[in-house]
Amino acid sequence: LGNGGSDRFLYLLAMPAIFAKAPGKIILLGEHAVVYGQPAIAVPVNQVQAKAMVTPNPQNQPGLIILDAPQIHLLADLNGLPSNHPLAAAVRLTLAHIGAAHPPALTIRVTSTIPIAGGLGSGAAVSVAIIRALSDYLGSPLPDDQVSGLAYEVEKIHHTHPSGVDNTVITRAKPVYFQKGLPIEVFDIRTPFTIVIGDTGVAAQTSDVVQDVRCRYESEPEKYARIFNSIGELTCLAYHAITDGENHGLGGMMNANHELLVEMGVSSPELNALVQAARQAGAAGAKLSGAGRGGNMIALVNPEHAETVSAALKTAGAVNTIITTIQTQIGMIE
Ligand code: MEV
């Protein structure tokens, strides 16, 4: 041996497939306001996840990278995809970041159980999984801040003013208190609590909703600044409640946050119906989660009420529900 680069190439040819997974996420409080500098609390959801698998293709020309994402009917050569294609961008940004000018022939297969356009972080999770799997495969595993930073660059393709909360919570896979421009605070949940997630089944593009909020903010700056500030105050209160283990006030704070999101114009009849149904079925509080207009809502419940609330959500039109326990030790993704 001792022939430098070609050893590395042979090693890569013999490499087994490598994969990485990334969880979904929910925003407990603070969506939209977080785009305007207010804090948000977000937690990972492990019941849904994105997966990227990198497999060598020694029979192909070196440098040929195939992207295979059956759920979005994508099977294409990276070189044929436009620069604003989010999956292609995740690959290109990773290659550029680690300086892999001459990658071997590969297939990157992307699958996900996170509903697309549902507010559960599907875009950021796919990016994080691709960035991790590809950098690991090429022998340059990246630390969390760099993975998150690259995923943030892809988020900017999805929508022009991402706060960065999605890529942050999904990369860390831990509860985060996030405020743009401030150091990321990964925090402990003193007393675990149970959340039921209800999916309206209505797809809503985060980019459209974020853009719409921007237009409304520009036409009524004072009203929107007041709403964002109120949400920021609630988020701050909720953070102290959660970190002190005093969760009893949390439901009321989530309800108040939902009303502010309604006032902001980002709820929908479907979301309001699920929020109402969850409260009537005994949830301590409920709100939309993520960008709104469709996608998912969340309800804070006593663990013994979780099934009842889940059933009530389905009766009220939810196409799917997830019961998840919010705690610090989320365990390894299976
Ligand atoms: C999307 O999960 C959350 C929003 O606040 C957008 C963002 O933070 O970039 C709506």
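The values are calculated or read from the model by the stated rules, or taken from the named source; none is laboratory data. The shown structure was predicted, so the numbers you read here are calculated from the model rather than taken from an experiment. Neighbour counts run over all protein chains shown; Cβ positions are idealised from the backbone, glycine included. These accessible areas exclude ligands, DNA and RNA; they are computed on the full protein's heavy atoms, side chains included. Shrake-Rupley method; radii C 1.70, N 1.55, O 1.52, S 1.80 Å.
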The chain: relative contact order as a whole-number percent, Cα under 8 Å and 6+ apart: 21 percent
Overall Cα dimensions of region 151-237, principal axis frame, Å, largest first: 41, 31, 28
Contact order normalised by residue count of region 173-297, Cα under 8 Å, 6+ apart, percent: 32 percent
Extended-chain gain in nm, criterion 0.36 nm per residue less alpha-carbon gap, Ile323 and Leu182: 47.6 nm
Compactness relative to 2.2 N^0.38 Å, alpha carbon Rg of region 240-295: 1.16
Net charge contributed by nearby residues that have their C-beta within less than 9 Å of Ala299 (K/R +1, D/E -1): +2
Surface per residue (accessible, 1.4 Å probe) for region 11-54, Å²: 26 Å²
Residue-normalised accessible area of region 174-272, given per residue in Å² at a 1.4 Å probe: 46 Å²
Set of lysines near Lys21 by C-alpha distance (under 28 Å), chain-local residues within fewer than 8 positions excluded: Lys51, Lys156, Lys174, Lys180, Lys287
Whole-percent carbon and sulfur share, accessible surface of the chain, 1.4 Å: 54 percent
About the Cα centre, charge dipole magnitude for the chain (Lys/Arg +1, Asp/Glu -1 at Cβ), debye: 380 debye
Whole-Å distance, taken between Cα centres, linking region 269-316 and region 67-119: 34 Å
Estimated FRET transfer efficiency when R0 is 51 angstrom, pair Arg190-His102 (beta carbons, to 0.05): 0.50
Residues Thr315 and Leu237, FRET efficiency given R0 of 30 Å [Cβ-Cβ distance, rounded to 0.05]: 0.40
log₁₀ of I(q)/I(0) at q = 0.16, 0.21, 0.22, 0.23 Å⁻¹ - region 210-274, Debye sum with one point per alpha carbon: -0.61, -0.89, -0.93, -0.97
Cα-projected label distance for Gln211 with Lys156, points at 7 Å along beta-carbon direction, nm: 1.8 nm
Share of pairwise Cα separations in the chain, more than 26 Å, in percent: 48 percent
Computed E for Leu75/Glu307 - FRET, C-beta separation, R0 30 angstrom, nearest 0.05: 0.15
Principal-axis tilt of helix 221-244 within the chain, Cα atoms, nearest 10 degrees: 80 degrees
Between helix 122-137 and the chain: long-axis angle, C-alpha atoms, 0 to 90°, nearest 10: 30 degrees
Taking region 114-169 and dividing mean pair separation by its residue count, relative contact order in percent (alpha carbons under 8 Å, at least six apart): 34 percent
